[in-house]
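What follows is a single structure, written as structure tokens, with notes after it.
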Amino acid sequence: MSSLKRSLALCLTAATVTTAVVAGCGTHTNSPAPLAANEGGWAAVAFSTPTENKPVVVHYKDADTLTQLVNAGVDVWSVDRHAHKAKVVLNATQGSVARKLGMKVDLMTAREATMSVDKGYRTYEQVAARLQELATSNPQIATLVDIGDSWEKTQGRANRDLLALHITGKGAKGTKPVVTFVGGTHAREIATPEMMLMECEKLVTQYGKDAEVTTAVDTRDIWIVPMVNPDGHAHAMKGQSWRKNTNDKDGGHSGPGIDLNRNYGAFWGVNGDSGNPDSDVFRGPKPFSEPETQAIQKLTTEHVPSVYMTFHSFSNSVMWPWDHTHDINPDGRMKIMGEAMAKFSGYDPYQGSEMYLNGGDDEEWVFQNLHSAAFTIEIGTWGDGFMPPYSKIAQFWKENSQMMSYALKVADKPGR
Ligand SMILES: [Zn+2]
């Protein structure tokens with residue numbers, strides 16, 4: 001048993017006894033309202049302390065009630081918008097909010113709640129080394145670009161650069177439609193850096209061999225950022241349910257970090273986030289307060305994407321703006337493209353606001369500010385969780401590589 005496997009086994013054992021592996025969702029000093037007995041499944045959810053976090057499935061009425069729960073700082077793992085149920089993590093205070101919103105509840109099973117990293121998932125160091133290798137052995141089409149520092153690097157605590165692979169072939173750089181793929185914003189969503197790295201490998205190694213790849217590389221300016229949040233990823237690789245970056249100066253103490261996907265400058269703080277630094281959806285002290293979101297802002301502003309795709313997990317979804325309002329987005333490109341992508345992947349296509357309302361994410365920011373066709377992809381089914389067995393990767397790749405190929409194909413005229 002490797003030392004990694006051993007520590008995961010310990011995690012698994014711990015998780016069946018407590019939910020210690022579930023990262024903090026907030027300290028609230030006010031004591032929770034006592035929960036009445038056995039109503040809507042709540043009797044089974046006994047909080048032993050006000051700060052204890054319970055992974056549960058809530059059954060909610062509509063997207064607006066779920067939004068209100070997120071506004072209480074609740075960490076949503078996955079949503080089944082058709083069945084009106086969501087996997088969330090609640091403390092006692094948030095449990096009271098959910099009750100007041102009329103939600104019924106089931107406990108997540110130990111298996112659903114447990115974080116455990118299977119062999120095969122690559123660390124930041126392995127991802128960085130592979131990107132370097134691809135660039136070094138294929139300099140005519142691939143360049144490794146340091147687009148910024150992680151928060152820990154800015155503090156002198158770690159040495160993690162934020163890395164992008166820039167892939168483009170014949171033709172002048174800067175004159176072709178730009179396509180940008182981004183993964184690993186939320187640390188524990190460990191399938192997403194794998195998808196990004198596999199796309200890098202495909203484009204670089206199949207260039208000159210596969211006609212479709214060759215055309216894409218020659219006619220597009222492709223930027224792939226496999227891991228936006230490498231500091232958080234290092235925690236996730238230890239089997240921790242880590243969502244945010246690791247900024248413990250502005251972020252909380254029981255739940256350090258800022259939710260990078262609530263830190264972007266479009267509709268920041270409007271909905272679906274929290275001002276509580278301990279919450280897993282803490283939006284940060286101001287828009288673009290974090291080096292990770294600043295790096296993506298700079299990259300996309302300097303190389304404006306025609307198509308931008310950001311990869312998360314898990315809900316098998318293709319989503320597009322708006323996220324902060326139920327108003328139907330008047331720009332029809334995203335619906336056309338999102339529905340086409342759904343045909344390739346089998347995922348559920350919809351405007352992001354149909355899940356719940358939130359502001360401050362990257363997809364809405366690039367759409368609002370750069371007019372890119374922008375998508376958030378949620379990889380994995382309700383049962384897959386954040387850290388599925390590595391054997392699931394082959395299927396995820398089949399679903400996601402086809403969506404990326406489509407995006408590359410139509411980037412000269414998105415929505416055609
Ligand atoms: Zn995510």
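Details
- Anchor Lys153: aspartates and glutamates whose Cα lies under 18 Å away (excluding residues fewer than 8 positions away in-chain): Glu125, Asp161, Asp231, Asp248, Asp250, Asp259, Glu290, Glu292
- Net charge over other residues, Cβ less than 12 angstrom from the Cβ of Gln297 (K, R count +1; D, E count -1): -3
- Rg over Rh for the chain works out to 0.96, using Cα positions for both radii and the Kirkwood form for Rh.
- Label-to-label distance, nm, for residues given as Lys170 and Lys286 (7 Å Cα→Cβ offset): 4.9
- FRET efficiency, 1/(1 + (r/R0)^6) with R0 41 Å, evaluated for Leu107 and Lys298 via beta carbons: 0.40
- Within the shell defined by Cβ-Cβ distances under 12 Å, the residues around Met337 carry a net charge of +4, with Lys and Arg each +1 and Asp and Glu each -1.
- Using C-alpha pairs below 8 Å separated by at least 6 residues, the relative contact order for the chain is 18 percent.
- Val270-Ala46 pseudo-label distance in nm [points 7 Å out on the Cα-to-Cβ vector]: 4.4
- Pairs beyond 26 Å (Cα-Cα), from Lys54/Lys244; Lys173/Lys209; Lys173/Lys244; Lys176/Lys335: Lys173/Lys244
- Estimated FRET transfer efficiency (Asp64, Asp118; beta-carbon r; R0 45 Å; 0.05): 0.75
- Accessible-area composition of segment 124-410, carbon plus sulfur, in percent [1.4 Å probe]: 52
- Solvent-accessible area per residue in segment 124-410 equals 33 Å², computed with a 1.4 angstrom probe and all protein chains kept.
- FRET E, pair Asp331, Asn138, Förster distance 45 Å, beta-carbon r, rounded to 0.05: 0.80
The values are calculated or read from the model by the stated rules, or taken from the named source; none is laboratory data. If you're wondering where the values come from, they're calculated on a predicted model, not measured in any experiment. Backbone-built Cβ (ideal geometry, glycine too); neighbour counts: all protein chains shown. Surface accessibility is based on the protein's heavy atoms, side chains included, excluding ligands, DNA and RNA. Shrake-Rupley method; radii C 1.70, N 1.55, O 1.52, S 1.80 Å.
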